[in-house]
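Taken together, the values in this text are just the output of simple stated rules run on the coordinates, not laboratory data. Every value quoted in this text rests on a predicted model; they were computed, and no experiment measured them. Positions of Cβ are generated from backbone atoms using ideal geometry, with glycine treated the same way; all protein chains shown enter the neighbour counts.
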Amino acid sequence: MISNPLLKNIIAVCAGIILGSVVNMALVFAGYSIIPLPNGTKNLPLNDAILLFQPKHFLFPFLAHAIGTLMGAFITAYIAFNHQLKFALAIGIVFLFGGILEVVNLKAPVWFKFSDVILAYIPMAFLGYFLASKLKFRD
């Protein structure tokens, strides 16, 4: 058991970023097998392929961003020694920053860009904190 609060908080944030990233990538790759990419996109750069996407092709990227952030914030809040909400929100901000970089650089539809940035990061970080606090502090 780690008794140093600073070390425990650092480990919590690192674990949240790593777990959230792994979950994110796993869901993106799982999504390709569940909802295959459109024909003709296999050898195209993503920015060209995305122009051929239908709304269904954006489902798993959105879920990957939302659930990755949720899991990262959850594990961070669960492990952190103190300031659980602040650290969970920090995870949300880290993933939000990545999401903003993504939507700025990709030619995705505006509806996806807005829904992804507004719904997938900070709200999921709050939910991760809430779930972790219910589990961690229950009687």
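Tally Lys/Arg at +1 and Asp/Glu at -1 over every other residue whose Cβ is under 14 Å from the Cβ of LEU63; what's the total?
Computed value for this residue: 0.
In the stretch 5-136, one over the average inverse separation of all distinct C-alpha pairs is 15.1 Å, which is the Kirkwood hydrodynamic radius. Relative to the longest principal Cα axis of the chain, at what angle does helix 59-79 sit, 0 to 90 degrees, rounded to 10? For 59-79 against the chain, the angle is about 10 degrees.
Mean residue ellipticity at 222 nm from the helices of the chain, using -39,500 (n - 2.57) per DSSP H segment of n ≥ 4 over the full residue count, to the nearest 500 deg cm²/dmol?
On the way: 6 runs with 102 residues, N = 139.
After summing the helix terms and dividing by the residues of the chain, the value is -24500 deg cm²/dmol.
For the stretch 5-136, the relative contact order works out to 34 percent when only alpha carbon pairs closer than 8 Å and six or more residues apart are counted. Over 21 Å between Cα atoms, which of LYS8/LYS136; LYS113/LYS134; LYS86/LYS136 qualify? Too far apart for the 21 Å limit: LYS113/LYS134. According to the calculation over all Cα-Cα pairs in the stretch 42-95, the P(r) per 10 Å bin from zero is 23, 33, 22, 16, 5 %. Across the stretch 11-21, rounded Karplus estimates of 3J(HN,Hα) from the backbone phi angles (6.51 cos²θ - 1.76 cosθ + 1.60, θ = phi - 60°) give 4, 4, 5, 4, 4, x, 5, 5, 4, x, 5 Hz, Gly and Pro being marked x.
Our estimate of slack between SER3 and SER133, defined as 0.36 nm per intervening residue step minus the Cα-Cα distance, is 44.8 nm. Once both labels are positioned 7 Å from their Cα atoms along Cα-to-Cβ, the gap between ASN82 and TYR32 label points is 4.5 nm.
Take the Cβ-Cβ distance between LYS42 and ILE93 as r, set R0 to 30 Å, and report the resulting FRET efficiency rounded to the nearest 0.05.
On the way: r = 35 Å, r/R0 = 1.15.
After rounding, the FRET efficiency stands at 0.30.
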